[in-house]
Each structure stands twice: as structure tokens, then as C-alpha cells.
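Colleague: Have a look at this one.
The values are calculated or read from the model by the stated rules, or taken from the named source; none is laboratory data. Just so it is clear, the model here is predicted, and its values are computed rather than measured. Don't worry about glycine lacking a Cβ; one is built from the backbone with ideal geometry, like all the others, and counts go over all protein chains shown. When the accessible area is computed, the model is the full protein with side chains, heavy atoms only, and any ligands, DNA or RNA have been set aside. Shrake-Rupley method; radii C 1.70, N 1.55, O 1.52, S 1.80 Å.
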Amino acid sequence: MVSRRFTAAIVKEGKWYVAQSIEVGVTSQGKTWEEAFTNLREALELYFENEGIKKASGSFSVDPVILEQDEDEKFVITCPVLEGCHSQGNTFEEAVNNIREAIELCLEEKANG
């Protein structure tokens, strides 16, 4: 059972992808979004370990989201591990809140379907 969900915002910066956990501010990077995401999961495990938070197997989940800005300066956000799960917002915060709702809906649909 997952007790806590985190969101990993992934942005391409030059040749690298930077992944950051929005809720705890832990950051990592990689040459692909998948590598950045994997590195972030490992960094989160170390963060929880260093903070003295006991991590039970499956006690947290991280949803990767890829952010881009379109030509109108709006944030377009996609969760690449859930087919068709995407959203947008006028601000970074609005886009993240919208994708969290979209992720929950996609997971509910997947569980019921």
C-alpha cells in the first residue's frame, strides 16, 4: 500500500534532464528523463534515510511529470507513465495542481477499468 505520493517535475535543461521532487525539494539529473527519474527515486530514498524516516517497502510512490512551456508561455505538463495523462496551466503551480488531479483520475480509471 502506498502511503505517500510525490510528484517529480522533470525539465530539459540543455543536454540534461533535471528531476525535482516538488514536495521535498530533492533534485537529481540524467541524460534521459528516465535516468533523471531513477536517480531522483534513489536520492529520495537517501533523503528519507538521512532524515530518520523509516521507509517500509512500497511506502511512497513518485509520479514523473515532464514540463514544457509553449509559445504562449503556458505550462504544458505530461505524466509519461500514464497514457493520455496530461494537463496545462498558466503558472507552474497551476500546472502541477492540474496534473496531480489528472494523475488521480487516470489511476482511478485504470483501477476500475
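Colleague: Looking at this structure, is Leu46 over 19 Å from Ala95 (Cα atoms) and in contact (Cβ under 8 Å) with a residue 24 or more places away in the chain?
Modeller: Spelling it out, it is not the case that Leu46 is over 19 Å from Ala95 (Cα atoms) and in contact (Cβ under 8 Å) with a residue 24 or more places away in the chain.
Colleague: For region 12-40, how many residues meet the condition of being more than 17 Å from Ser61 (Cβ to Cβ), of a type outside the set (S, T, N, Q) and either more than 12 Å from the chain's Cα centre (by Cα) or surrounded by fewer than 15 Cβ atoms within 10 Å (Cβ to Cβ) (or both)?
Modeller: Number of matching residues: 10.
Colleague: Follow-up. Scan region 8-37 for residues that are free of Cβ contacts under 8 Å to residues at least 40 places away in the same chain, among the hydroxyl-bearing types (Ser, Thr, Tyr) and closer than 17 Å to Val96 by Cα and jot them down.
Modeller: Thr27 - this is the single residue of region 8-37 that is free of Cβ contacts under 8 Å to residues at least 40 places away in the same chain, among the hydroxyl-bearing types (Ser, Thr, Tyr) and closer than 17 Å to Val96 by Cα.
Colleague: Say we look at region 80-113 and pick out the residues that are touching a Ser or Thr at 6+ places or on another chain (Cβ under 6 Å) and closer than 22 Å to Thr32 by Cα; which of these is most open to solvent (accessible area, probe 1.4 Å)?
Modeller: Among them, the one singled out is His86.
Colleague: Within region 41-61, is there a residue that is within 11 Å of Ala8 (Cα to Cα) and surrounded by fewer than 17 Cβ atoms within 10 Å (Cβ to Cβ)?
Modeller: Yes, because at least one residue in region 41-61 is within 11 Å of Ala8 (Cα to Cα) and surrounded by fewer than 17 Cβ atoms within 10 Å (Cβ to Cβ).
Colleague: Also, I was wondering about something else. Does region 70-113 hold any residues that are closer than 17 Å to Ala8 by Cβ and of a type in the set (Ser, Thr, Tyr), and which are they?
Modeller: Thr78, Ser87
Colleague: Here's a follow-up. Of the residues that make up region 51-60, is at least one within 12 Å of the chain's Cα centre (by Cα) and of a type in the set (D, E, K, R)?
Modeller: no
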